[in-house]
1. What nm value, rounded to one decimal, do you get for the distance between L99 and Y42 when each label is placed 7 Å out toward the C-beta?
2. Among DSSP beta bridges whose residues both lie in region 4-114, state the antiparallel percentage, nearest 5.
3. Quick check: residue separation of E3 and S25 times 0.36 nm, minus the Cα distance between them. What number comes out in nm?
4. Given 10 °C and 1.306 mPa s, compute D for the chain with the Stokes-Einstein relation, Rh being the Kirkwood radius over Cα pairs; round to the nearest whole µm²/s.
5. Output the 0 to 90 degree angle, nearest 10, between the alpha-carbon long axis of helix 58-73 and the longest principal axis computed from the alpha carbons of the chain.
6. Between T98, T14, T27, find the one with the highest GNM mean-square fluctuation for the chain; connect C-alpha pairs within less than 10 Å.
7. Computed FRET efficiency, Cβ-Cβ of R72 and E92, R0 25 Å: what is it to the nearest 0.05?
8. Most fluctuating residue of D77, D49, D97 in a GNM of the chain with Cα springs under 10 Å: which is it?
Amino acid sequence: MDELHIEEEFVEDTVILKLTGLVDSATSYYLESKINDLIVAYKVKLIIDLTEVDYISSAGWGIFVSEIKGLRAKKGDIKLAGMNPEVRDVFELLEFDTLLTPYESATDALIAFDSQESNNLP
């Protein structure tokens, strides 16, 4: 059985979730539960580091898409980082790049969050 491991890193008010393994129908509930727990705790700036993920099923993609509206309403967001070429091809094929901006690394995504905050200052 394939597994999904999730490692959390907190950088100020942003949470980086480093995923390792497969995000499929058997493991996606674990990711969804983790994201929901963070939202309940009002941790709404999420970076999902996909560097060590080789496959995301429709169930996995659905988690990211279903959480966007609620996170953005709370001034948060999901930023996907480090997609390998195969995962990114599916991301683009499903046209999720119209909803989410992919980043090369978690560091790039973190910089993007910082830039958004700077642009919102009076």
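1. Taking the two extended label points, one gets 2.6 nm.
2. Antiparallel bridges: around 35 percent, rounded to the nearest 5.
3. Result: 6.8 nm gained on full extension.
4. On the way: Rh = 14.4 Å.
The estimated diffusion coefficient comes to 110 µm²/s.
5. It works out to around 10 degrees.
6. Top of the fluctuation ranking is T98.
7. 0.75
8. In this elastic network of the chain, the residue with the biggest mean-square fluctuation among D77, D49, D97 is D97.
Read the figures in this text as sums done on the coordinates, not as results from a lab. The structure displayed is predicted, hence computed values, not measured ones. Here Cβ is always computed from backbone atoms with ideal geometry, including for glycine, and neighbour counts include all displayed protein chains.
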